[in-house]
Amino acid sequence: ALRDAGVKADDIDVVSSGASGLPSFDRPELAALSRLFSEHTAIALPKALYGESFGASGAFAMLQAIEWFAGAPVAKLWRGVVERAPRHVLVVNVGFYGNVSAVVLRAPSH
């Protein structure tokens with residue numbers, strides 16, 4: 001997703017994780033994100049707020065990122081701090097049957 005978007009890991013302000021509260025899925029995802037992104041990159045856990053919504057999770061996470069671009073607080077964070085509205089958000093979505101997707105969203109230019 002980063003390569004397709006033409007951005008580097010350091011360009012990502014917030015990662016919207018697909019972590020759902022199931023350790024067998026969450027541990028490997030959070031470990032991979034920790035290897036790719038610095039400890040300063042915020043990692044959000046949106047499903048901790050709205051629960052597991054299966055196929056709709058990715059869409060909910062993208063809608064949440066749009067709100068973050070507009071200045072809504074980024075919550076619930078696994079790690080990191082968000083001091084300003086993000087410019088780039090990586091949305092990761094993990095399905096129960098092993099399908100994983102990721103997309104980079106950019107804030108609209110002003």
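The values are calculated or read from the model by the stated rules, or taken from the named source; none is laboratory data. Note that the structure is a prediction, hence the values are computed from the model and not measured. So basically every Cβ, Gly included, is an ideal-geometry build from the backbone, and we count neighbours across all protein chains shown. What goes into the accessible areas is simple: the full protein's heavy atoms, side chains included, and nothing from ligands, DNA or RNA. Shrake-Rupley method; radii C 1.70, N 1.55, O 1.52, S 1.80 Å.
Numbers for the structure displayed
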read-out	value
Pair list, Cβ < 9 Å and 6+ apart or interchain, from segment 63-84 residues that are farther than 12 Å from Pro46 by Cβ and among the β-branched types (Val, Ile, Thr) to residues that are open to solvent by 50 Å² or more (accessible area, probe 1.4 Å) and part of a loop (DSSP other than H, G, I, E, B)	Val81/His40; Val82/Pro73
Elements of type helices (runs of 4 or more DSSP H) in segment 2-77, at least 2 residues being of a type in the set (D, E, K, R) and at pLDDT 90 or above	2-5, 23-36
Residues of segment 30-61 satisfying the condition of being open to solvent by 80 Å² or more (accessible area, probe 1.4 Å) and within 12 Å of the chain's Cα centre (by Cα)	Phe60
Flag for Val91 being aliphatic (A, V, I, L, M) and part of a loop (DSSP other than H, G, I, E, B)	no
Condition check for Arg79: surrounded by 12 or more Cβ atoms within 10 Å (Cβ to Cβ) and in contact with a Lys or Arg (Cβ under 8 Å, 6 or more places away or on another chain)	no
Test: Gly58 is in contact with a strand residue (DSSP E or B) (Cβ under 9 Å, 6 or more places away or on another chain), on the phi > 0 side of the Ramachandran plot and touching a residue at least 12 places away in the same chain (Cβ under 8 Å)	no
Residue satisfying all of: in segment 84-107; more than 15 Å from Asp11 (Cα to Cα) and open to solvent by 80 Å² or more (accessible area, probe 1.4 Å); modelled with the lowest pLDDT among these	Phe96
